[in-house]
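Just passing along the structure, written as structure tokens.
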Amino acid sequence: MYECDRSNMWKLLEDFPKMCRQAFFASSGLSPIKVSNVVVAGMGGSAIAGDVVKEWLNPPFPFEVCRGYHLPRWVSKDTLVILISYSGETEETLSCAKEAKMAGAKMVGVGSGGTLSRMLEGHPFVRVPTGLPPRAAFPYLFFSTVRVLKDAGLISAELDEEISEALELLPLVKERAERARELSSKMLDKIVFIYAPPGLFSVAFRFKTQLNENSKMPAKVDYLPELCHNEIVGIRSTPSNVCFVLLRSRWEEERISIRMDFLKSLLEGREVIELRGEGKGRLAEMLSLIYFGDIISYHLAGMRGIDPTPVEEIARLKKVLSAKPFPL
Ligand code: PA5
């Protein structure tokens, strides 16, 4: 679509709905298990799959997403640890795999292979296609994680309808690419501040990270109701090159809507964009917004003449780290 899109990120965006279906209908190799809690360990474009799953499910058991070298100390043989690393080489995630093994936890991996798959020999491993930027593999990583939890008996069949709706609705979202392009031009040359209500925190964070990695732009995210206790003070002094994006949810509680309205009154005269997801179910809302945000981040890269695919700073840092291999 843009000449600067040398690795064809657009094709991966077009394939987003297809990847979702492929991953959901693949088998994870898991059968129902009894666990007391779940931890998803991963970083960056891999970890976000865990955030979205957790926020969507809001499960009736402890569920933590662990970003870093160490698992929570309460992980035990009663924990299911889902290790997600697209490359299979992320040292923080490998370190968590080592700790999960030591804790005797039940383990399952999601990724394209690499060291993680070798460390998890003898445990289920959901293999997704290789050769993608990790963040573009989000549909695979997200639905593989859903598959794992479903096969493990940890997602109730009541949610099947939400899953079907989301899978059916996503291809339609692609047709909104034009609206995404229009909105992108409003964010061009701006710093985007994203504010999200409960239920869309992970979506807001994904949008921020896509602006960072695809569009190579700084961006900031904050959450309601917490931001009403700090961020709103002085918000009117925010530099004029800031564009505010408010994510809105069909499930916003009244108290949150009152806060959103107040926030908007403080932002009068500023560039404010409100984004709403599609569909009836919470999953459709979340995934349609994620897809929409991904497309916006793509257009912003294109408009700035920047190739959305390479993430030079991340690659450089990984090289620096590999000079002193992490002890496993
Ligand atoms: O988008 C990216 O490239 C990063 O955020 C990676 O996802 C992150 O560095 C972790 O790598 P991986 O997803 O391969 O575990």
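The values are calculated or read from the model by the stated rules, or taken from the named source; none is laboratory data. Every value quoted in this text rests on a predicted model; they were computed, and no experiment measured them. Virtual Cβ from ideal backbone geometry, glycine too; neighbours counted across all protein chains shown.
Given the residues 257, 265, 249, which is the only one that is among the hydroxyl-bearing types (Ser, Thr, Tyr), more than 16 Å from the ligand (Cβ to nearest atom) and in contact (Cβ under 8 Å) with a residue 40 or more places away in the chain?
Only one candidate qualifies: 249.
Here are the criteria: (1) within 16 Å of the ligand (Cβ to nearest atom); (2) under 20 Å from the mean Cα position of the chain (by Cα). Tell me which single one residue 15 does not satisfy.
Going through the list (1) within 16 Å of the ligand (Cβ to nearest atom); (2) under 20 Å from the mean Cα position of the chain (by Cα), residue 15 breaks only (1).
Can you tell me which residue is nearest to residue 50 (Cα to Cα) among those in the range 99-115 that are away from the ligand (no atom under 13 Å from the Cβ), in contact (Cβ under 8 Å) with a residue 40 or more places away in the chain and assigned to a strand (DSSP E or B)?
Applying the filter and picking the extreme gives 108.
Collect the residues in the range 176-203 that are under 16 Å from residue 242 (Cα atoms) and outside any strand (DSSP E or B), keeping them in residue-number order.
183, 184, 185, 186, 187, 188, 189, 190
Quick check on this structure: which one of 189, 160, 222, 151 is in contact (Cβ under 8 Å) with a residue 24 or more places away in the chain and not assigned by TED's automatic domain parsing to the domain that holds residue 277?
151
While we're looking at this one, here's another question. Would you tally the residues in the range 141-193 being closer than 30 Å to residue 29 by Cβ and of a type in the set (Asp, Glu)?
Qualifying residue count, the range 141-193: 7.
Another question, then. In the range 1-33, which residue that is touching an Asp or Glu at 6+ places or on another chain (Cβ under 9 Å) and small (Gly, Ala, Ser) is farthest from residue 170 (Cα to Cα)?
31
If the requirement is being modelled with pLDDT under 95, surrounded by fewer than 17 Cβ atoms within 10 Å (Cβ to Cβ) and over 18 Å from the mean Cα position of the chain (by Cα), which of these qualifies: 262, 326?
Unique residue meeting the criteria: 326.
For residues in the range 116-149 being in contact with a helix residue (DSSP H, G or I) (Cβ under 8 Å, 6 or more places away or on another chain) and assigned to a loop (DSSP other than H, G, I, E, B), which is farthest from the ligand (Cβ to nearest atom)?
Among those that are in contact with a helix residue (DSSP H, G or I) (Cβ under 8 Å, 6 or more places away or on another chain) and assigned to a loop (DSSP other than H, G, I, E, B), it is 124.
A further question on this structure: With the checklist (1) among the aliphatic types (A, V, I, L, M); (2) in contact (Cβ under 8 Å) with a residue 24 or more places away in the chain; (3) farther than 30 Å from residue 299 by Cβ in hand, flag the one item residue 23 doesn't pass.
Going through (1) among the aliphatic types (A, V, I, L, M); (2) in contact (Cβ under 8 Å) with a residue 24 or more places away in the chain; (3) farther than 30 Å from residue 299 by Cβ one by one, residue 23 breaks only (3).
Can you report the number of residues in the range 48-98 which are closer than 19 Å to residue 28 by Cβ and in a loop (DSSP other than H, G, I, E, B)?
4
Go through (1) touching a residue at least 24 places away in the same chain (Cβ under 8 Å); (2) under 16 Å from residue 274 (Cα atoms) for residue 169 and report which single condition fails.
Just one mismatch for residue 169, condition (2).
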